[in-house]
Amino acid sequence: MNEIFKVNDEKATSMSNPHYLHGSRIPFPMYLTLLNAFPKLNTAETDRQWLRRISQNRMFHRRYAQELAKHRFNVELRKAVHMRWLMLAGAQRKDRAPGHHLVNVRTPGSQNVKQTVATRYEREFLNNHGDFRFADEALDLVVAEFDPSTPNNGSIFWNGIDECKLAKLVDQWNTRMGAEIYGQLEATTLVRYLNGRYEWEPNFANYITRTSAALGKAARGHVTSVVRCGMRDTSVFTTTELPAMLERMKNQLRAKATPEVTDISIVVIEPKTFEERPVKVFTNNEITMIPIISRAPGSQFINGRSDCVVKGRLDVDPRVREHFTSRQDTKPSSAAVKIMNDFKNMLHGP
């Protein structure tokens, strides 16, 4: 067992949080069952130590190991189904061709196989161009299955950094704190199984855009983001996630309701307009000081201030500005503080 498993129940936030088990989450009722069957030795025993100890117990293997194996299989099955749906939607796997392709059968007596099976497959599932006929429906299915829920005050968004390194840090922070305190697309959602397996082309990018929008709509409390130099004009955070949060805040304030997103902290690494600072955090109304940036002529990527130019500024609705002003004593989020301390470990490179 490499990592400790996580509770998958919002009611468990005040309790000790079990850890990852082979990258999947153990249902909270199962955690309680195991805890009752194998109590902790004392309050000092961590979940990691407890899990390592009970995994050596014969009774554990006799009564519960099979159930855990079934859970892991269910997770792997769900992952496989989601990957299949993405392939049917046209997303290109890095290690193979899209899923809806035909393989010729070359065994004795198979002369009629292509006529009886493959031809029917083409007729029922492929269009005249050889593309999957139900690509849109397949994409809708995998997006509908996406669970965007993240902890209150713990949602983290990004652009311009190494998302895999951020995901690793988020997992480390959660592990050290013994609970899922922070939630991030590549660290604590289904995307962690899919990220890096597909070419970043329109079909997979469409999936990420839609799931990111759902993540923005599900954010609660104090939201955090980390960006490089500024808010990149083509990033999902700038075009989808942040607008979804600000729009939801505006509509809830217009309805005289307390907004579900109360505060926003954005950490900017190497801020374009604060060149004396290696990293700076902007909270609430200060986020309007962050430039929207685009690639400088001749630059392929934005890996520093010289690679970008200022394109504009963020426009925030007056109601949202007024709400932020009323929260003038708000400090940067705890996630922003951690990002400020670890920002060098989030950049592209070795």
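The values are calculated or read from the model by the stated rules, or taken from the named source; none is laboratory data. As the structure is a computational prediction, the values presented were derived from the model and not from experiment. When we count neighbours, we look across all protein chains shown, and the Cβ atoms used for this are built from the backbone with ideal geometry, even at glycine. With ligands, DNA and RNA removed, areas are computed over all heavy atoms of the protein, side chains included. Shrake-Rupley method; radii C 1.70, N 1.55, O 1.52, S 1.80 Å.
State which residue is farthest from Asn341 (Cα to Cα) when the search covers only the range 279-295 and only residues that are in contact (Cβ under 8 Å) with a residue 40 or more places away in the chain and not in a strand (DSSP E or B). Full working, then the answer.
Filtering the range 279-295 down to residues in contact (Cβ under 8 Å) with a residue 40 or more places away in the chain leaves 279, 281, 283-285, 290-294.
Adding the requirement that they be not in a strand (DSSP E or B) leaves 284-285, 290.
Details: Asn284: 20, Asn285: 23, Ile290: 20 Å.
Result: Asn285.
When the test is whether a residue is of a type in the set (Gly, Ala, Ser), touching a helix residue (DSSP H, G or I) at 6+ places or on another chain (Cβ under 8 Å) and without any contact (Cβ under 8 Å) to a residue 12 or more places away in the chain, Ser299 passes it.
Total residues in the range 296-325 satisfying the condition of being among the polar types (S, T, N, Q) and either under 15 Å from His222 (Cβ atoms) or in a loop (DSSP other than H, G, I, E, B) (or both): the figure is 3.
All of (1) over 20 Å from Ser155 (Cβ atoms); (2) touching a helix residue (DSSP H, G or I) at 6+ places or on another chain (Cβ under 6 Å); (3) aromatic (Phe, Trp, Tyr) hold for Phe324 with one exception: (1). Taken together, the residues in the range 149-184 that are open to solvent by less than 10 Å² (accessible area, probe 1.4 Å) and at pLDDT below 75 amount to 3.
Which residue out of Val310, Val337, Val281 is hydrophobic (A, V, I, L, M, F, W, C) and buried (at least 16 other Cβ atoms within 10 Å of the Cβ)? Before the answer, list the steps.
On the way: Val310 fails: buried (at least 16 other Cβ atoms within 10 Å of the Cβ); Val337 fails: buried (at least 16 other Cβ atoms within 10 Å of the Cβ).
Being hydrophobic (A, V, I, L, M, F, W, C) and buried (at least 16 other Cβ atoms within 10 Å of the Cβ) holds for just one of Val310, Val337, Val281, which is Val281.
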